[in-house]
Structure formats: structure tokens, C-alpha cells
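In what follows, a single structure is set out as C-alpha cells and then discussed.
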Amino acid sequence: MKYRALGLLILVATTVLGCTSVPKGLEPVDEFDGGRYLGKWYEIARLDHSFERNLSNVSTIYTAKEKGEIAVLNRGFNEKDGEWKQIEGKARFVGDETIGSLKVSFFGPFFGGYHIIELDRINYSYAMVSGPSRSYLWILSRTTTLDEAIYLKLVNRSAALGFDTTGLIRVKHDRTA
């Protein structure tokens, strides 16, 4: 009985910890400035997942909190329900705060990886983010549109890194509220 409980504990710990790690072969950006990353970002494209299904007009606001924690507010319009949806969460750096690797939680003690793998280092105007695996990818911008040449550069870069870019959804931004 003891061994079964210990095995279950190890399995749960490995699963939870594995959800925040960087996918093999990817490197989060270095010389990262978390203060410059704060503020509002718009989702330009994403790989689809159930928690964002049917959402358009998606944005996220990152705000500094105490002890290095970051408040996260995700918001989007559910095209199927015709309603705005939002969820609040928190983020923390996985390690060194000059590396663009964080863990994000929207549900209690459960965290998922948030790894900034491309970034406009001059203006912090666009970013490409991976989750804990290559099935999670977001292309973000400080504005609701992104120059097409930059977008294609990011899509090509993500394909070269092993993401299935054929599944990318371009996010519509046509509402305000």
C-alpha cells in the first residue's frame, strides 16, 4: 500500500512538474525584461485548444504583483455563445527572471509552461509563446494586427521548430467591450 501511494505521488509530481518545462529543442529568450513585457497583448494566432475554442478578440493583460508574481487576465469573445469570457490567473518565473520562461496557473496549484521563444527585443511589440509541448503555440502583438511579413516570419520559425503550423487559427479582432 505504501509503495502504491508513493508511486502515485511520484506520478502526480512528475506530471505537474512536466507541465511547466520547456519542450525539448526549444529555448526561451534570454536577456528578458519582465517589466517591459507587462501590459496588454493581443492574440494574433494560436493552435486551438478546448479552453479557447470559439474565442475571438482574445487579449491578455499582465500586471506586476508582490513577490515577483504576475497577475494574468485573459479575455475573449465566445462567437458561439455571443458573450465575453474572461479568466484571471497568475504567473511566476520558472527560474532566472532574465529568461522568458514562466509558469501560469488559472486553477489553484496547477501550473502550465509559458515560454517566450521569439520576441521583438527592441520594442517588445510581438512575441511567440510555446506552452509545455509543441501543441501549444501563440503569436502575440501589442496591437490587434501584426505586419504580414513579421507574421509569416514567426509562422516559418515555428514550423522550423517543429510546430504544426497548418493548425494555426488567425484570431479575429472586430469587437470592443
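When ARG92, ARG175 are ordered from fewest to most other Cβ atoms inside 10 Å of their Cβ, what list results?
ARG175, ARG92
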query: What 222 nm value per residue comes from the helices of the chain, counting each DSSP H run with n ≥ 4 as -39,500 (n - 2.57) and dividing by all residues, nearest 500 deg cm²/dmol?
result: -6000 deg cm²/dmol
message: Take ILE87 and ASP33, extend 7 Å from each Cα along the Cα→Cβ direction, and tell me the distance between the two endpoints in nm.
response: 3.2
- line: The distance between the Cα centres of segment 147-172 and segment 41-72, in whole Å, is 18
message: What is the angle, in °, between the Cα long axis of helix 2-18 and the longest principal axis of the Cα atoms in the chain? Nearest 10 is fine, range 0 to 90.
response: 20
- prompt: Quick one: if the Förster radius is 41 Å, what FRET efficiency do GLU66 and ASN123 give, using the C-beta to C-beta distance and rounding to 0.05?
  reply: 0.90
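Please compare each pair in LYS40/LYS103; LYS65/LYS85; LYS67/LYS153; LYS24/LYS85 to a cut-off of 30 Å on the Cα-Cα distance and tell me which ones are over it.
On the way: LYS40/LYS103 18 Å; LYS65/LYS85 23 Å; LYS67/LYS153 36 Å; LYS24/LYS85 33 Å.
In this structure, LYS67/LYS153; LYS24/LYS85 exceed 30 Å between Cα atoms.
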- request: Give the shape of segment 2-170 as rounded, prolate or oblate, defined through the alpha-carbon gyration tensor: a ≥ b ≥ c are the square roots of its eigenvalues, a/c under 1.5 means rounded, and otherwise the shape is prolate if a/b is larger than b/c and oblate if not.
  value: rounded
- request: Arrange LEU26, LEU152 by Cβ neighbour counts within 10 Å, fewest through most, would you?
  value: LEU152, LEU26
field: Net charge contributed by nearby residues that have their C-beta within less than 14 Å of GLN86 (K/R +1, D/E -1)
entry: -1
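Which of the three applies to segment 94-177, rounded, prolate or oblate, going by the alpha-carbon gyration tensor with a ≥ b ≥ c and a/c under 1.5 meaning rounded?
Judged from the Cα gyration tensor, segment 94-177 comes out rounded (a/c under 1.5).
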query: So for ILE116, ILE87, fewest C-beta neighbours within 10 Å to most, what's the order?
result: ILE87, ILE116
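A short reminder: the numbers here are calculations on the coordinates, not readings from a lab. Quantities reported herein were computed from a predicted structural model and do not represent experimental measurements. So basically every Cβ, Gly included, is an ideal-geometry build from the backbone, and we count neighbours across all protein chains shown.
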